[in-house]
Amino acid sequence: MKIYIILKSFQKELINHTLLSVIEQLKNTNCKIFGVIFLPLKIKKFCVLRSPQIDNDSREHLEIRTYKCFINTDLTTIEQIDKLLKLEIPEGIYCNFKTII
């Protein structure tokens, strides 16, 4: 059964550290890893007025950067799937699993 592990985060260092730990855990369970694919960076920009009433020239520019990657794996036993589901993902990482039969 092929499984995509999708990781999302606002911090690049955190997603890289988590990615390395997930790959290490998958190698310990002897499953096949077909590849790690980094998706393009998404940047959302916001412009906010600093004062509530006047002075429209005074504005603050903010942005949110979203980093995304996924791992393409092939899991064959139930033990491998159990270990994958019991992974400790740090706070600040959104993790999603998609299966392809």
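Would you call Glu88 within 23 Å of the chain's Cα centre (by Cα), within 16 Å of Ile15 (Cα to Cα) and charged (D, E, K, R)? It is true that Glu88 is within 23 Å of the chain's Cα centre (by Cα), within 16 Å of Ile15 (Cα to Cα) and charged (D, E, K, R). Being loosely packed, with under 12 Cβ neighbours inside 10 Å and part of a helix (DSSP H, G or I) is a description that applies to Glu13.
Set side by side, the residues Leu84, Leu41 differ, and just one is touching a strand residue (DSSP E or B) at 6+ places or on another chain (Cβ under 8 Å), assigned to a helix (DSSP H, G or I) and either hydrophobic (A, V, I, L, M, F, W, C) or surrounded by 10 or more Cβ atoms within 10 Å (Cβ to Cβ) (or both), which is Leu84. As for the stretch 87-97, it holds no residue that is assigned to a helix (DSSP H, G or I), surrounded by 10 or more Cβ atoms within 10 Å (Cβ to Cβ) and not acidic (Asp, Glu).
Just so you know, all these numbers are worked out from the coordinates, no wet-lab data involved. In this text the structure is predicted, and so the values were computed from the model without any measurement. Using ideal geometry, Cβ is built from the backbone for each residue, glycine included, and neighbour counts are taken over all protein chains shown.
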